[in-house]
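**Student:** Right, I'll just put the structure down here and ask away after.
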């Protein structure tokens, strides 16, 4: 992966929101995966941000930072009935997001689109956390750009969290 050239080792975690796995199982699987490393910076795209922020709240010793990419960061996000019906574990993960006072907001940066209809701007930031609006429109295009063209912004944050 290109990121390794710049000193960032990326390990993928599949949230698989449509599986039969419970939220507790997903959290345990994530905790097991990051337990292999001394310190970890979690990068959560869209719904995956909920797992990352919850992990930071429960394991700040191991998680040195969280970067969200168009991430769901607030439990008040309006969730449509189709998502509620088809992805109940995702809905639970959103509703269980920790309040800003339970996390060190210096350990969070939220990268977001200028305009995002999937995760509107008010729901893609954490109170007191740093946020950066990327010059991009739309949910998936912005995530793609954050992982490619805008990746140096992400790399710098990962390295900053690991200093």
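The values are calculated or read from the model by the stated rules, or taken from the named source; none is laboratory data. Computed from a predicted structure; not experimentally measured. Cβ: placed from backbone, ideal geometry, glycine included. Neighbour counts: every protein chain shown.
**Student:** Based on what the data block shows, is residue 109 outside any helix (DSSP H, G or I), surrounded by fewer than 14 Cβ atoms within 10 Å (Cβ to Cβ) and in contact with a strand residue (DSSP E or B) (Cβ under 8 Å, 6 or more places away or on another chain)? Please lay out each step first, then the result.
**Tutor:** Numbers: outside any helix (DSSP H, G or I): yes; surrounded by fewer than 14 Cβ atoms within 10 Å (Cβ to Cβ): no; in contact with a strand residue (DSSP E or B) (Cβ under 8 Å, 6 or more places away or on another chain): yes.
The answer is no for residue 109.
**Student:** Which of the residues that make up region 112-125 are surrounded by fewer than 20 Cβ atoms within 10 Å (Cβ to Cβ) and either closer than 14 Å to residue 80 by Cα or under 12 Å from the mean Cα position of the chain (by Cα) (or both)?
**Tutor:** The answer is 117, 118, 120.
**Student:** Would you say residue 40 is surrounded by 19 or more Cβ atoms within 10 Å (Cβ to Cβ), within 20 Å of residue 3 (Cβ to Cβ) and in contact with a strand residue (DSSP E or B) (Cβ under 8 Å, 6 or more places away or on another chain)? Spell out how you get there, then give the answer.
**Tutor:** On the way: surrounded by 19 or more Cβ atoms within 10 Å (Cβ to Cβ): yes; within 20 Å of residue 3 (Cβ to Cβ): yes; in contact with a strand residue (DSSP E or B) (Cβ under 8 Å, 6 or more places away or on another chain): yes.
It is true that residue 40 is surrounded by 19 or more Cβ atoms within 10 Å (Cβ to Cβ), within 20 Å of residue 3 (Cβ to Cβ) and in contact with a strand residue (DSSP E or B) (Cβ under 8 Å, 6 or more places away or on another chain).
**Student:** While we're looking at this one, here's another question. Restricting the search to region 133-163, which residues are surrounded by 14 or more Cβ atoms within 10 Å (Cβ to Cβ), over 24 Å from residue 4 (Cβ atoms) and in contact with a helix residue (DSSP H, G or I) (Cβ under 9 Å, 6 or more places away or on another chain)?
**Tutor:** Hits for region 133-163 are 133, 136.
**Student:** Among 20, 25, 104, which is the only one that is over 13 Å from the mean Cα position of the chain (by Cα) and modelled with pLDDT of 95 or more?
**Tutor:** Values: 20 fails: modelled with pLDDT of 95 or more; 104 fails: modelled with pLDDT of 95 or more.
None of the others qualify; the one that does is 25.
**Student:** Let me ask you something else. Going residue by residue through region 96-105, is there one that turns out to be surrounded by fewer than 19 Cβ atoms within 10 Å (Cβ to Cβ), in contact with a strand residue (DSSP E or B) (Cβ under 9 Å, 6 or more places away or on another chain) and closer than 23 Å to residue 11 by Cα?
**Tutor:** No, that holds for no residue.
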